[in-house]
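S.K.: Below are the structure tokens for one structure; questions will follow.
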Amino acid sequence: MVQPSQDQQVYRHVGHVMNDHEDVATLVGPFLQSALAAGEPVVIASPDPLASALAAVLGSDRGVHVVPAEPLEHRPPDALAAIADLIDRDLPGDGRRLHLVTGPGPQDAGSSFLQTEALLNHVLAARPVDHLCLMAAGETADTAAVARATHPWLLTAEGMVPSPDYRAPEELLREVQRAGEPDPLEATEPTLALVDLEDMRVLRRALNRVLAESALSPDAAQDFVLAIDEVTANAAEHGIPPVDVRLWCTPERLLCAITDHGACFDDPLVGYGPAHGDMAVGGMGLWLARRSVDSLTASPADESGDGCTVRLVVNA
């Protein structure tokens, strides 16, 4: 993939995988000192002792702001919102760039973490920020590969260089989505099946009854009902009837598959707003649904490509 130049890219997402044999503060120091020399602010949102070490390297410059670290281990929409809020609180607004340091992230750079890092490139694309993500070397996943795939830039001993393995967010998300389809639970008998649904009140009553006996807390159950309700309403409005809803409940996780006979939306980035221009064709409902579940994916309902099935998963 051809990398944009530093001048062309508004949001610059820079990755670095930490190891036990390097002085991270010494490596990151020049990256941040050049920003301070240009009169641009620096925000450090890393846990101690790393935050204190970085602040010590930068000295008492008034442009340095140390804030509590933002955890990225929850659902991608929540993590994205937290990072966007952090940036918007400190963005100068006068044409200067903000320089943000976050991480290290979780030891296991799994699917949720990969999705968050990839989506930052989409959600924050218009913000003038140099965002350095420090990542801990993973014990059970190839964190270095995740860093290269989700960051257009990498920080090395030679400075900031283009990542040769960077992939567009939509490409990565499609790959993650395909890996989970079809869900193995779909080969078993569903806990609840509503075929040719016409009355949303019937759906909500049935869901509340079944989920009251599930492993979900009452609050999580209500969030799941909201997500299913939003996606089913989108299917009824924008798809082609009939709309079928099937729910599987296990002690470990819950899956709801909503199927209609209309065209399947092919954009894995839709619904990651609402402030990013994707509110058409049910985007607001998908945004609400994504914040209430651990996974939301869409694919054609059958091998011929007819219809659309949206799958919602909550880990119990």
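S.K.: Being open to solvent by less than 20 Å² (accessible area, probe 1.4 Å), assigned to a strand (DSSP E or B) and touching a Pro at 6+ places or on another chain (Cβ under 9 Å) is the filter here, so list the residues in the range 293-310 that pass it.
M.R.: A298, S299, C308, T309
S.K.: Scan G273, G277 and give me the residue that is at pLDDT below 95, farther than 21 Å from A179 by Cα, open to solvent by 40 Å² or more (accessible area, probe 1.4 Å) and of a type in the set (G, A, S). It would help to see each step written out before you state the result.
M.R.: Working: G273 fails: open to solvent by 40 Å² or more (accessible area, probe 1.4 Å).
None of the other options fit; the residue is G277.
S.K.: Only residues that are over 15 Å from A289 (Cα atoms), touching a Ser or Thr at 6+ places or on another chain (Cβ under 9 Å) and open to solvent by 40 Å² or more (accessible area, probe 1.4 Å): list them for the range 214-248, please.
M.R.: Answer for the range 214-248, where residues must be over 15 Å from A289 (Cα atoms), touching a Ser or Thr at 6+ places or on another chain (Cβ under 9 Å) and open to solvent by 40 Å² or more (accessible area, probe 1.4 Å): A215, P242, R246.
S.K.: So, of the residues in the range 149-162 that are outside any strand (DSSP E or B) and modelled with pLDDT under 95, which turns out to be least open to solvent (accessible area, probe 1.4 Å)? Write out each step before concluding.
M.R.: Quick first cut of the range 149-162, residues outside any strand (DSSP E or B) only: 149-152, 157-158.
With the extra rule that they be modelled with pLDDT under 95, the set shrinks to 157-158.
On the way: A157: 92, E158: 158 Å².
Here the answer is A157.
S.K.: Right, here's the next one. Could you say whether any residue in the range 124-144 is part of a helix (DSSP H, G or I) and without any contact (Cβ under 8 Å) to a residue 40 or more places away in the chain?
M.R.: no
S.K.: Could you check the range 256-270 and list, in sequence order, the residues that are touching a residue at least 24 places away in the same chain (Cβ under 8 Å), open to solvent by less than 70 Å² (accessible area, probe 1.4 Å) and either of a type in the set (D, E, K, R) or not in a strand (DSSP E or B) (or both)?
M.R.: Answer for the range 256-270, where residues must be touching a residue at least 24 places away in the same chain (Cβ under 8 Å), open to solvent by less than 70 Å² (accessible area, probe 1.4 Å) and either of a type in the set (D, E, K, R) or not in a strand (DSSP E or B) (or both): D260, G262, C264, P268, L269.
S.K.: Quick one: what pairs do we get from the range 170-195, first residue farther than 29 Å from F113 by Cβ and touching a residue at least 40 places away in the same chain (Cβ under 8 Å), second among the charged types (D, E, K, R) and open to solvent by less than 50 Å² (accessible area, probe 1.4 Å), C-beta under 9 Å, 6+ apart or different chains?
M.R.: Matching pairs, first to second residue: A193/D244; L194/D244; V195/D244.
S.K.: Please go through the range 148-180 and pick out each residue that is aliphatic (A, V, I, L, M) and touching an Asp or Glu at 6+ places or on another chain (Cβ under 8 Å). Break it down stepwise before answering.
M.R.: Applying the first criterion (aliphatic (A, V, I, L, M)) to the range 148-180 yields 149, 154-155, 157, 160-161, 168, 172-173, 176, 179.
Result: A149, single match.
The values are calculated or read from the model by the stated rules, or taken from the named source; none is laboratory data. The structure presented is a predicted model; accordingly, all values stated were derived computationally and were not measured. Neighbour counts run over all protein chains shown; Cβ positions are idealised from the backbone, glycine included. Just the protein is used for accessible areas: all its heavy atoms, side chains included, with ligands, DNA and RNA removed. Shrake-Rupley method; radii C 1.70, N 1.55, O 1.52, S 1.80 Å.
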